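Enquirer: What follows is a structure written as structure tokens; I'll ask about it next.
The values are calculated or read from the model by the stated rules, or taken from the named source; none is laboratory data. Bear in mind the structure is a predicted one, so any value in this text is a computation, not a measurement. When we count neighbours, we look across all protein chains shown, and the Cβ atoms used for this are built from the backbone with ideal geometry, even at glycine.
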Amino acid sequence: MAKGLEERVLGLLRGGKLVRKGDRVLVSVSGGKDSAVAAWVLAKRAGELGIDVGLLHIDLGIPGYSEESRAAVEALRERLDAPLHVHEIEKEWGLALPEIARKLKKAPCHVCGTLKRYYQNVLAKELGYNVLATGHNLDDSVGFIVNNFITGQVKQTHKISPLLPETELTSRKIKPLFWIQGRETEGYATEKGIPFTRCSCPFQKQSPTHVIREAFDRVEELRPGAKKSFVKNVLRALPGKGETTSPSACELCGAPTSGKVCTVCRMKKRLWAGGFQLGQQ
């Protein structure tokens, strides 16, 4: 399993030109198996790929889960001997993610995704990494596609590509595990002894994509290869797949956004309107 998974990931990295010699790659690691495996393969093969690898962990402040996740990330850093950059949401916001979501009356998964994307983009640039890698796998792609069709956000599906080019405001974004299933990464991580947490986020079952992934697991059992076939067919049908328009800079913080003010700044403004000051304990 180990060699097979590694070779498939390396094949995508090279064949899809996801990385090039001289790249500085920041891997966003949550503490889970997928991002841990992505970081492991990139770091262990960094020499032959000609890249430098660093790790980014966004500490969400979710009681119990975040402590376990951070411990797994720190253990991974020690095994890989790679620089680790940690950003703590509670230190900046004065609130942990569950409280932010509650005060904004938003689903925790929605707030989580928004904050992670924001800080991944901003910190990759600030820290001098020209490539941002995530642990998104084949199961995530399936969930992303189906959820976009359900919610009417079909235009967002073009982002399903394993590679999104860099822009003036964003680093190149890559998904090394794009064609790998979650059960494969778990087997690989267990075989290699890669540190990762088996603790699930307490909000996971509230996410529609979680239910979609579970349903497709059943489809995959009945028809092996269904997930890969589904994603491949969507990629073939999509016009302009992998293309991205250059974002504009947020008028308030300078982060990439499709509008005048980014979603995170709008979230902060809503908290201020409610009388809460960032950094307030």
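Enquirer: Report, by residue number, each residue of segment 159-169 that is surrounded by fewer than 18 Cβ atoms within 10 Å (Cβ to Cβ) and either in a helix (DSSP H, G or I) or more than 19 Å from the chain's Cα centre (by Cα) (or both).
Expert: Hits for segment 159-169 are Lys159, Glu168.
Enquirer: Give Arg8, Arg45 a once-over and let me know the one that is touching a residue at least 40 places away in the same chain (Cβ under 8 Å) and surrounded by fewer than 20 Cβ atoms within 10 Å (Cβ to Cβ).
Expert: Unique residue meeting the criteria: Arg8.
Enquirer: Please give the helices (runs of 4 or more DSSP H) falling wholly within segment 21-127 in which 2 or more residues are under 18 Å from Gly193 (Cα atoms) and in contact with a helix residue (DSSP H, G or I) (Cβ under 8 Å, 6 or more places away or on another chain).
Expert: So the answer is 33-44, 65-80.
Enquirer: Give me a count of the residues in segment 90-120 that are on the phi > 0 side of the Ramachandran plot and either in contact with a Cys (Cβ under 9 Å, 6 or more places away or on another chain) or touching a residue at least 24 places away in the same chain (Cβ under 8 Å) (or both).
Expert: Summing the residues that are on the phi > 0 side of the Ramachandran plot and either in contact with a Cys (Cβ under 9 Å, 6 or more places away or on another chain) or touching a residue at least 24 places away in the same chain (Cβ under 8 Å) (or both) in segment 90-120 gives 1.
Enquirer: Pairs please, first residue from segment 162-184 and basic (Lys, Arg), second anywhere and not in a loop (DSSP other than H, G, I, E, B), Cβ atoms under 6 Å, 6+ apart in sequence or on different chains.
Expert: So the pair list comes out as Arg172/Val131; Lys173/Leu132; Lys173/Leu164.
Enquirer: Mind checking whether some residue in segment 176-192 is buried (at least 19 other Cβ atoms within 10 Å of the Cβ), of a type outside the set (A, V, I, L, M, F, W, C) and more than 22 Å from Ser229 (Cα to Cα)?
Expert: Yes, segment 176-192 contains at least one residue that is buried (at least 19 other Cβ atoms within 10 Å of the Cβ), of a type outside the set (A, V, I, L, M, F, W, C) and more than 22 Å from Ser229 (Cα to Cα).
Enquirer: Moving on to the next point. Looking at Glu126, is it more than 15 Å from the chain's Cα centre (by Cα) and either within 30 Å of Gly15 (Cβ to Cβ) or at pLDDT 95 or above (or both)?
Expert: Judged against the criteria, Glu126 is a match.
Enquirer: Mind checking which pairs have a first residue in segment 121-141 that is among the hydroxyl-bearing types (Ser, Thr, Tyr) and a second that is modelled with pLDDT of 95 or more and in a strand (DSSP E or B), Cβ under 8 Å, 6 or more apart or different chains?
Expert: That search, which allows pairs on different chains as well, returns Tyr129/Arg24; Tyr129/Val25; Tyr129/Leu26; Tyr129/Gly54; Thr134/Val27; Thr134/Ser28; Thr134/Lys173; Thr134/Ile174.
Enquirer: Considering only residues that are surrounded by 20 or more Cβ atoms within 10 Å (Cβ to Cβ) and either part of a loop (DSSP other than H, G, I, E, B) or not aliphatic (A, V, I, L, M) (or both), which ones fall in segment 128-139?
Expert: Tyr129, Thr134, Gly135, His136, Asn137, Asp139
Enquirer: When you check Thr185 against the structure, is it at pLDDT 90 or above, within 17 Å of the chain's Cα centre (by Cα) and in a helix (DSSP H, G or I), yes or no?
Expert: For Thr185, the condition - at pLDDT 90 or above, within 17 Å of the chain's Cα centre (by Cα) and in a helix (DSSP H, G or I) - is met.
Enquirer: Return the residues of segment 32-63 that are touching an Asp or Glu at 6+ places or on another chain (Cβ under 7 Å) and not hydrophobic (A, V, I, L, M, F, W, C); say none if nothing qualifies.
Expert: Matches in segment 32-63: Lys33, Asp59, Gly61.
Enquirer: Out of segment 159-180, which residues are at pLDDT 95 or above and farther than 19 Å from Arg24 by Cβ?
Expert: Scanning segment 159-180 gives Leu177, Phe178, Trp179, Ile180.
Enquirer: Of the conditions (1) under 16 Å from the mean Cα position of the chain (by Cα); (2) modelled with pLDDT of 95 or more, Ile145 fails just one. Which one is it?
Expert: If we test Ile145 against (1) under 16 Å from the mean Cα position of the chain (by Cα); (2) modelled with pLDDT of 95 or more, just (2) comes out false.
Enquirer: Against the condition crowded, with 20+ Cβ neighbours inside 10 Å, at pLDDT below 95 and closer than 25 Å to Gly182 by Cα, how does Val154 come out, does it pass?
Expert: It is false that Val154 is crowded, with 20+ Cβ neighbours inside 10 Å, at pLDDT below 95 and closer than 25 Å to Gly182 by Cα.
Enquirer: Evaluate the following for Ile100: is it under 14 Å from Gly32 (Cβ atoms), modelled with pLDDT of 95 or more and out of contact with any Asp or Glu (no Cβ under 7 Å at 6 or more places or on another chain)?
Expert: Here the answer is no, as Ile100 does not meet what is asked.
Enquirer: A further question on this structure: Just for segment 216-242: of the residues that are of a type in the set (A, V, I, L, M, F, W, C) and surrounded by 12 or more Cβ atoms within 10 Å (Cβ to Cβ), which one is nearest to Lys106 (Cα to Cα)?
Expert: Restricting to residues being of a type in the set (A, V, I, L, M, F, W, C) and surrounded by 12 or more Cβ atoms within 10 Å (Cβ to Cβ), the top hit is Phe216.
Enquirer: What's the number of the only condition in (1) more than 30 Å from Arg266 (Cβ to Cβ); (2) at pLDDT below 95 that Arg77 fails to meet?
Expert: (2)
Enquirer: Would you confirm whether any residue within segment 11-18 is in contact (Cβ under 8 Å) with a residue 24 or more places away in the chain, basic (Lys, Arg) and closer than 16 Å to Asn130 by Cβ?
Expert: yes
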